[in-house]
Amino acid sequence: MGRIYRSLSFDCYGTLVDWRGGLLAAVGACQVPAGASWDADLFLDHRLEEEARLEAGPWRPYREIVALSVRAALARQGLELPVSQAAQVAESIGSWPAFADTRAALKVLGTGRHLAIVSNVDRIDIEATVVALGVAFKEVVSAEDVRSYKPAPAHLVEVGRRLGTPRGNHLHVAQSLFHDIRPGAALGLDTAWINRLGEELPQDARPTFHCPDLATLAAQLGPGEPR
């Protein structure tokens, strides 16, 4: 018999919410890139690189990081985005769409279990997303709370402290190997990799569960035991 999980923590954007689609839609609505020739996939790769560089420095609000990283990524393709439009892109975070399977899967996974979010995104945007999801989360840990960004371990340490669940009865669920799965494993947590991008599993990453989407994890775990 497998472990009994009494609580689950989730990365939000990438796992529950389609940040790639939301970000591309927001950037595409800007005046400068509209009609210009730019490679969306290359932009996403460059923005992640710029974001990681900024997050490794002194803490600053995530909206600032998004605005700066979007401008820097577009500049690498020769496009200049005004500061005001970059800020508008960052302000769209709370409206980015959930994946099609998110709400139904969370309903199953949240039955008999406490749910939590650990996210690098600003609390104001997480709160807007939680309202849109319509799902009750017992705890939300943002970068604002711990003044650091994943893959630093502070989010996972803090959510463990708040939930008080024994480590062996807690599962961390995420799409990013870099931000979540490897750091979670390093802390001795069970992890579930939601491989929405169909990536190859590296040999050095050993998630407890490897699922193509959240619906598959919900089918595997089912509802929890009554509390």
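The values are calculated or read from the model by the stated rules, or taken from the named source; none is laboratory data. Every value quoted in this text rests on a predicted model; they were computed, and no experiment measured them. Cβ coordinates were reconstructed from backbone atoms using ideal geometry, including for glycine residues, and neighbour counts include every protein chain displayed.
Tabulated data for the structure shown
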| read-out | value |
| --- | --- |
| Positions within segment 134-151 being assigned to a helix (DSSP H, G or I) and more than 14 Å from the chain's Cα centre (by Cα), in sequence order | E144, D145, V146 |
| All positions within segment 152-198 that are touching a Lys or Arg at 6+ places or on another chain (Cβ under 7 Å), farther than 11 Å from D11 by Cβ and in a loop (DSSP other than H, G, I, E, B) | T165, G188, L189 |
| Test for R206: is it without any contact (Cβ under 8 Å) to a residue 60 or more places away in the chain, part of a loop (DSSP other than H, G, I, E, B) and in contact with a strand residue (DSSP E or B) (Cβ under 9 Å, 6 or more places away or on another chain) | yes |
| Single residue of segment 62-119 satisfying the filter (small (G, A, S) and assigned to a loop (DSSP other than H, G, I, E, B)) that is farthest from E51 (Cα to Cα) | G112 |
| Meets criteria (assigned by TED's automatic domain parsing to the domain that holds V108, surrounded by 11 or more Cβ atoms within 10 Å (Cβ to Cβ), under 21 Å from the mean Cα position of the chain (by Cα) and under 21 Å from K150 (Cα atoms)) for T191 | yes |
| Selection within segment 11-61 - small (G, A, S), outside any loop (DSSP other than H, G, I, E, B) and surrounded by 15 or more Cβ atoms within 10 Å (Cβ to Cβ) | G22, A25, A26, A52 |
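One line per residue, one yes/no per condition, for (1) under 27 Å from L48 (Cα atoms); (2) crowded, with 19+ Cβ neighbours inside 10 Å; (3) outside the structural domain of D11 (by TED's automatic domain parsing):
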residue: A132; (1), (2), (3): yes, no, no
residue: Y149; (1), (2), (3): yes, yes, no
residue: T165; (1), (2), (3): no, yes, no
residue: H172; (1), (2), (3): yes, yes, no
